[in-house]
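Visitor: Before we start, here is the structure in question, set down as C-alpha cells.
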Amino acid sequence: MKSNLAVHFSSKTDLWATPQAYFDQCVEEFGEFDLDPAANAENAKADRFFTVDDNGLEQEWIADRVWLNPPYGRVLKHWVGKALSEFDKGNAKKIVMLLPARTDTGWFWSFYERPDVEVRFIKGRLKFGEGKSSAPFPSCLVVVG
C-alpha cells in the first residue's frame, strides 16, 4: 500500500487545491474574489473561473480581485508572468497568488523586488486540498497591486 505522501514527492500532479481555511482568511482581508483563472468546477474560489479547457493563460483577466493558485509544475513561471502582465495592462486591479516559496527560481525574482508587490512568507507548511499531511515545500502569498 502506497502512502498518501507519494503524490507529494512525485511529479504525478502539479495541482494543489487551495486550503479552504487559509483562503477564508484571504477573503476576510481582501474581500470576495471576482476571478480564479486556474481552477475547475470542484475547487474554484470565485464565481467566474477558467478551467484547463479555457486555458487561463490565453484569457484576459478582467477583474477587481483575482485569486491565483496555479499549477506548480514547469508552467508556474508562465502563470506568474501572465499575472504580472494582466496587472500591468490594467486588466486586474489586485492579484493574490498562493505560490511555493521558491526563492531560488527566476520567476520568484521576476516579482520580488517590484514596488507594487508584497510577498508574505507563510509560517510552517500548508495542507492542500483534502491532504492529511503538509506539503513538502514552504509557501508564500504574493499580493500584486
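The values are calculated or read from the model by the stated rules, or taken from the named source; none is laboratory data. These numbers were taken from a predicted model, which means no experiment stands behind them. Glycine gets a Cβ as well: all are built from the backbone with ideal geometry, and neighbour counts include every protein chain shown.
Visitor: Taking the stated definitions as given, is Q25 more than 20 Å from K93 (Cβ to Cβ), at pLDDT 95 or above and either touching a strand residue (DSSP E or B) at 6+ places or on another chain (Cβ under 6 Å) or not small (G, A, S) (or both)?
Guide: yes
Visitor: Scan segment 111-134 for residues that are surrounded by 17 or more Cβ atoms within 10 Å (Cβ to Cβ) and among the β-branched types (V, I, T) and report the count.
Guide: The number of residues fulfilling the criteria is 2.
Visitor: So is G73 more than 19 Å from E32 (Cα to Cα) and part of a loop (DSSP other than H, G, I, E, B) or not?
Guide: It is true that G73 is more than 19 Å from E32 (Cα to Cα) and part of a loop (DSSP other than H, G, I, E, B).
Visitor: Ok, one more. Could you check, for segment 47-61, whether at least one of its residues is free of Cβ contacts under 8 Å to residues at least 40 places away in the same chain, over 20 Å from V117 (Cβ atoms) and touching a strand residue (DSSP E or B) at 6+ places or on another chain (Cβ under 7 Å)?
Guide: Checking segment 47-61: at least one residue is free of Cβ contacts under 8 Å to residues at least 40 places away in the same chain, over 20 Å from V117 (Cβ atoms) and touching a strand residue (DSSP E or B) at 6+ places or on another chain (Cβ under 7 Å).
Visitor: Of the conditions (1) touching a strand residue (DSSP E or B) at 6+ places or on another chain (Cβ under 7 Å); (2) at pLDDT below 95; (3) surrounded by 15 or more Cβ atoms within 10 Å (Cβ to Cβ); (4) not small (G, A, S), F137 satisfies every one except a single condition; which number is it?
Guide: Result: F137 passes all but (3).
Visitor: Still on this structure, I have one more. In segment 42-67, what residues are in contact with a helix residue (DSSP H, G or I) (Cβ under 6 Å, 6 or more places away or on another chain) and of a type in the set (A, V, I, L, M)?
Guide: L57
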